[in-house]
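The values are calculated or read from the model by the stated rules, or taken from the named source; none is laboratory data. None of the values given here were measured: they were computed from a predicted structure. All Cβ positions, even for glycine, are placed from backbone atoms using ideal geometry, and neighbour counts span all protein chains on display. Each accessible area value is taken on the protein alone, full model and side chains, heavy atoms only, with ligands, DNA and RNA left out. Shrake-Rupley method; radii C 1.70, N 1.55, O 1.52, S 1.80 Å.
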Amino acid sequence: MTVGPVSGPAVDEDTLGRIFLGRVIEPGDEVGGRWVREFGVGEVVRRVRAGGEALPGVSKVRWAGLVARGARAEPERDLAQARAAGARFVPPGNPEWPRQLDDLADARPLGLWVRGRPSLRMWALRSVAVVGARACTEYGTHVAATLAAGLAERGWVVVSGGAYGIDAAAHRGALAAGGATVAVLAGGVDRPYPRGHTTLIERIAQQGLVIGELPPGDHPTPSRFILRNRVIAALTRGTVVVEAACRSGSLATARAAQRLGRHTMGVPGPVTSALCAGVHELLRGEATLVTDAAEVAELVGDMGDLAPPRRGPVLPRDLLTPAARNVLAALPGDRASPAGEIAVAARTTPDEAIARLYELRALGYVERHGDGWKLTRQAVISARAGRPPC
């Protein structure tokens, strides 16, 4: 049996029941999730609508509050409002449902409201969360935007919460690189929050995806922001935290990722910055230090997706043979020295030292002064400055 809303395709009873319960049960409510798992959506809806004996695990007072919520719920109206905003409802079992969200067990969303054309399930398969402080520094903004752009260029979907600060920088970085990004909101997907990000969130909805658990028109609360973070953590392969104080809500995303067995990463900052203290605490634990998109991709990507090794510049003296380097190191920097003295300092024979000295002369490192050998002026300057001598 199907129940059709005012307009649009027919919706099955289970989906309509989940939309109804979305007005009754708060996101992440494990008691409500257990009811759905043990009794089924239809029975929970029936019991809430009937308002009789409470389901197990709640007090009479709380049950009365849930019943009162149920009395005001109108799932057909929610569907119509969502469709008017270009949104759809994706319940578990739907082909678009990201199965990794099932790792949340009884805290799994009843369903997700989705704005945007791409398939949420397909985009989530190769996604990374980039989160952090709202009150961030220029350093944090630059790092988040650069990191997100680099991930987008490598074909990764950047997921964040649409908030001020690091979240916004991550979204904008991905968009600037012509990449994909997903905003997970703590309120209705038809009501961009914060209001100052209306243009940004609308752009994400046009080019990417805007998703949320709350029904259309619902507003975020402090607890809903924290609960929203578990969806970000579960949806993605890993979470990167850029700038976060010790009480930052973004750390809840990292902790949720750790509980779910996802990769948890942190970008270090100045040790004197309170805004980085939360990230540094993560790094003292099980989180992995990352500094760019290549290192993130190496951790969360496929086998063989390795970041390039970090090395300093290769100087001409690095290309010398060990014997030539030993002779070069044996020359004093302030005077000419005879070959015999150089040979003793280099722990070799005079003939070997002379052979190496002529090699070094050809390369511009040394010059001959009568019976002695001396570093060239350019070799001394380059050694002090760390630049090649020729």
Charge dipole magnitude, Cβ of K and R +1, D and E -1 - the chain, Cα centre, debye nearest 20: 560 debye
Radius of gyration and maximum dimension Dmax of the chain, Cα, Å: 30.9, 109
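Before I look further, what does the range 316-386 give for accessible area per residue, probe 1.4 Å, in whole square angstrom? Don't skip to the end; give the middle numbers.
Details: 4130 Å² over 71 residues.
Per residue, the range 316-386 has 58 Å² of solvent-accessible surface.
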Bins of 10 Å from zero: percent of alpha-carbon pairs in the range 53-134: 14, 30, 34, 20, 2
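Going highest first, how would you order 63-71, 271-279 by mean Cβ packing within 10 Å?
Numbers: 63-71: 15.9, 271-279: 18.0.
Peptide ranking by packing, descending: 271-279, 63-71.
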Whole-percent pair-distance distribution, where bins are 5 Å wide, for the alpha carbons of the range 316-386: 3, 19, 33, 28, 14, 3, 0
Cα-based equivalent ellipsoid of the range 234-294: semi-axis lengths in Å, sorted from largest, via gyration tensor: 18, 13, 9
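Within the accessible area of the chain, what % is carbon and sulfur when the probe is 1.4 Å and the other protein chains stay in place? Mind dumping the intermediate values first?
Numbers: 9830 of 18500 Å².
C and S fraction of accessible area: 53 percent.
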Of every Cα-Cα pair in the range 223-348, the percent that sits beyond 17 Å: 69 percent
Size of charge dipole - the range 139-206 - debye, nearest 20, with Cβ of Lys, Arg +1 and Asp, Glu -1, no other charges: 60 debye
Per residue solvent-accessible surface (Å²) - the range 13-73, probe of 1.4 Å: 49 Å²
Span from the the range 93-166 Cα centroid across to the the range 227-292 one, whole angstrom: 14 Å
Convex hull volume per residue for the range 99-300, taking Cα atoms only, in Å³: 101 Å³
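Run the helix sum for the chain: -39,500 (n - 2.57) per DSSP H stretch of 4+ residues, divided by residue count, reported at 222 nm to the nearest 500 deg cm²/dmol.
Details: 17 runs with 174 residues, N = 390.
Theoretical 222 nm ellipticity from helices: -13000 deg cm²/dmol.
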Solvent-accessible area per residue for the range 141-224 (1.4 angstrom probe, square angstrom): 33 Å²
Distance histogram in 5 Å bins (all Cα pairs of the range 13-73, percent per bin): 4, 20, 35, 31, 9, 1
